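Please read the structure below before turning to the comments.
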Amino acid sequence: MRGMTEKKIRIEGTDALSLLGLQDANLELIERRFDATVVVRGDMITLKGSQEEVDQLERIFKELLFLLRKNGTLSLNDVETVLDLVVANGEPAVPGTVASTLSGDDMDSVILFARNHIIRAKTQGQRDYLRQIRTNDIVFAVGPAGTGKTYLAVAFAVASLKNNEITKIVLTRPAVEAGESLGFLPGDLKEKIDPYLRPLYDALDDMIPAEKLRAYIEKRVIEIAPLAYMRGRTLNNAFVILDEAQNASAMQMKMFLTRLGPNSRAIVTGDVTQIDLPSKQSSGLVQIQDVLRGVEGISFVYFDRNDVVRHRLVKDIIDAYEKFHGSGDQQ
């Protein structure tokens, strides 16, 4: 057929089952993305299709072979990551592979291979955060803006979903009015609430291709909702994140934490210096640090200005506010 190309890749010395996946799950994932055909016989992979697709498939299989030989195993998450890197972004395969540029310590800090970059813990505080998430079912992350509390939590949830460790991600925030009344905002209830949830959408947009994200949300594999919508639910096989938890009341915090069902995990993030609750109402995030301190399976991680990974001026802004409030000059 005109315009068709054929290439062969030898996989001698590699376990074909590990490469192709149980019941060819890895191979099926690859084939769904291409019109080209992939035929595996013995230690030979034959690729047939357009020049562009065959070239991409060759890079994909070389990358997967590199990862398999380096790590000894391949997960569906590894395959999806390589597909996204090669197909969507044209990343080169080995020897210029993304994976090959990371040291052993760097690989331990990797949370997710996103669409066009690697998401990993960068500061000592973030690395401790990652360790605590890996070893505890509930983790509280407390600290100033820009320290990656929410972003890394979402990345870990997405990685858990890709690795089939959970079947659902639930992201929630209290819809607390900070300077604006919901009643005065335009639109229906969803339109009024969406601005509160926008940072969660932004994080997901950075990690999951738009079409796949829409499908996840439509199928409720990923759910983003105000905290009040969590009441009365039981969340099984889920990764649940409560963001801006300093604006959850003590009762809301208890309600959220008691939603967890079997095989579910939770991360609670917040900044106790940015509480928007009415002055007479105590923050659930402040109270919970005394209530749950020392409970096995629950961990508290505290970030400071040294963990800020946003614009360099964010650290200076945090310092300036701390000095201002500490001087007693606040109005």
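In sequence order, what are the phi-derived ³J(HN,Hα) couplings for the range 268-273 according to the Karplus relation 6.51 cos²θ - 1.76 cosθ + 1.60 with θ = phi - 60°, rounded to whole Hz, with x for glycine and proline?
Calculated HN-Hα couplings, in order: 10, 10, x, 10, 6, 8 Hz.
Counting other C-beta atoms within 10 Å, and keeping those with at most 14, which DSSP coil trypsin sites (Lys or Arg not before Pro) do you find in the range 1-51?
Counting only loop positions with at most 14 other Cβ atoms within 10 Å, the trypsin sites (Lys or Arg not before Pro) in the range 1-51 are Arg2, Arg32.
Report the extension gain between Asn263 and Leu313 in nm, rounded to one decimal, defined as 0.36 nm multiplied by the number of residues separating them, less their alpha carbon distance.
13.9 nm
Would you calculate the separation in nanometres between label points at Gln124 and Asp194, each defined as 7 Å from the Cα along the Cα-to-beta-carbon direction?
4.4
Can you list the residues, at least 5 places off or on another chain, whose amide H is less than 5 Å from the amide H of Val240, using H built in the peptide plane?
Val170, Arg265, Ala266, Ile267
Compute the length gained on full extension between Met251 and Asp304: take 0.36 nm times their separation in residues and subtract their Cα-Cα distance, giving the result in nm to one decimal.
Contour length minus the Cα-Cα distance gives 16.3 nm.
Assuming 0.36 nm per residue, please report the length gained on full extension of the stretch Asn163 to Asp290 beyond their Cα-Cα distance. List each step's numbers first, then the result.
Values: separation 127, 0.36 × 127 = 45.72 nm, distance 3.41 nm.
Using 0.36 nm per residue and subtracting the Cα-Cα distance, I get 42.3 nm.
Over 27 Å between Cα atoms: which of Lys122/Lys219; Lys149/Lys212; Lys122/Lys162; Lys168/Lys280; Lys8/Lys162; Lys254/Lys280 fall into that group?
Lys122/Lys219; Lys168/Lys280; Lys8/Lys162
Report the accessible area of Thr5, computed with a 1.4 Å probe over the heavy atoms of all protein chains in place, in Å² rounded to the nearest 10.
Thr5 has an accessible surface of roughly 30 Å² with all protein chains in place.
Can you give the FRET efficiency to the nearest 0.05 for Glu28 and Lys70, using r as the Cβ-Cβ distance and R₀ = 41 Å? Don't skip to the end; give the middle numbers.
Details: r = 23 Å, r/R0 = 0.57.
For R0 = 41 Å, the calculated efficiency reads 0.95.
The values are calculated or read from the model by the stated rules, or taken from the named source; none is laboratory data. Model, not experiment: these values are computed from the prediction. Positions of Cβ are backbone-derived with ideal geometry, glycine not excepted, and every protein chain shown enters the neighbour counts. Accessible surface areas use protein heavy atoms only, side chains included; no ligands, DNA or RNA. Shrake-Rupley method; radii C 1.70, N 1.55, O 1.52, S 1.80 Å.
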